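These notes are about the structure you will find just below.
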Amino acid sequence: MDKLKLRENFDEIVQRVERARLRVSEYHIVKIVAISKYVSSDEVRELYDLGQRAFGENRVQELKQKCEELEDLPIEWHFVGRLQKNKINHLIELDPFLMHSLDSLELALELDKRLEAKGKKMDSLLQINSAKEDTKAGVMPEVAVEEYLKIIENTKHINLKGVMTIGAHTKDESEIKKSFETTYKIYEALQPHGAKICSMGMSNDFELAIECGSNMVRIGSLFFK
């Protein structure tokens with residue numbers, strides 16, 4: 001990708017996040033995770049050189065490949081995809097900075113068991129299916145607080161850091177906003193239990209997500225368009 005274009009995209013995203021953040025509060029901090037699933041390690045390296053530090057992958061195999069190809073860089077790797085049980089051990093070996101997609105107590109218990117066997121811990125977010133869509137993973141909003149607390153109670157090697165959601169799959173902005181507001185309310189209820197991260201918002205809706213309280217956005221296509 002053209003380096004000048006990448007810099008322009010990077011600067012534009014940072015400015016848009018900054019404007020959205022300031023509409024909430026000058027004290028509201030937002031982390032940008034660059035989703036690199038459709039691009040090469042060379043493009044990740046170029047974006048890193050511009051100042052981007054956190055990158056996300058949604059497949060364990062691709063995360064492994066990029067970790068190996070970019071091992072000379074202290075990148076903060078995030079895993080954002082659905083985790084299949086047969087890939088758990090592979091993900092543990094890669095030791096991601098944050099796993100965004102813990103989508104059930106069942107998966108949490110299996111992950112915890114494997115982490116214990118390997119003597120490791122993993123920081124994770126509980127994924128919430130805030131718009132109740134059949135195509136999406138995640139716990140239903142009405143049981144999310146209860147599931148979060150069950151995971152804390154029943155696992156010793158998972159550090160729950162907060163929640164993640166994908167906005168409603170629609171062009172109706174009011175529906176998207178509703179899904180973000182639903183998740184933010186859950187996040188607020190979990191703050192006394194240590195929740196620090198509310199990961200909401202992607203390339204098409206991150207400004208709206210920030211205005212609804214998101215402090216972590218996952219942006220891919222806008223960087224590399």
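We did not get these values from a lab; they are worked out from the coordinates using the rules stated. If you're wondering where the values come from, they're calculated on a predicted model, not measured in any experiment. Counting neighbours? That spans all protein chains shown, and the Cβs are built from the backbone with ideal geometry, glycine included.
Within a straight-line Cα-Cα reach of under 17 Å, Lys31 can be paired with the following lysines, leaving aside sequence neighbours fewer than 8 residues apart in one chain: Lys161, Lys196.
As a check on your grasp of the helix formula, calculate [θ] at 222 nm for the chain: sum -39500 (n - 2.57) over DSSP H runs of n ≥ 4, divide by the residue count, round to the nearest 500. One gets -14000 deg cm²/dmol as the mean residue ellipticity at 222 nm.
Set the Förster distance to 25 Å, then compute FRET efficiency between Ser41 and Asn86 from the Cβ-Cβ distance, nearest 0.05. Provide the component values of the computation, followed by the final result.
On the way: r = 25 Å, r/R0 = 0.99.
Approximately 0.50, to the nearest 0.05.
Peptides 177-190, 69-82 ranked from most to least packed by the mean count of surrounding Cβ atoms within 10 Å: 177-190, 69-82. Taken over region 103-158, lysine pairs spaced eight or more positions apart, or on distinct chains, with alpha carbons under 14 Å apart number 5.
For region 3-219, just say rounded, prolate or oblate: build the C-alpha gyration tensor, square-root its eigenvalues into a ≥ b ≥ c, call rounded for a/c under 1.5, and beyond that prolate if a/b exceeds b/c, oblate if not.
oblate
Within region 149-190, list the residues whose amide N lies under 13 Å from a label point set 7 Å along Cα→Cβ of Lys132. In region 149-190, the label zone of Lys132 (backbone N under 13 Å from the point 7 Å along Cα→Cβ) covers 179.
Peptide packing: for 104-112, 84-92, 210-218, the average count of neighbouring Cβ atoms within 10 Å per residue gives the ranking 210-218, 104-112, 84-92, highest mean first. Dividing the Cα radius of gyration of region 1-47 by its Kirkwood radius returns 1.07 for Rg/Rh. Where in region 30-55 does the label zone of Lys120 land, with the point 7 angstrom along Cα→C-beta and an amide N cut-off under 18 Å? Under 18 Å, as judged by backbone N against the label point of Lys120, lie 55 of region 30-55.
A cut-off of 5 Å between modelled amide H atoms, ignoring neighbours fewer than 5 places along the same chain, links Lys31 with Met216, Val217.
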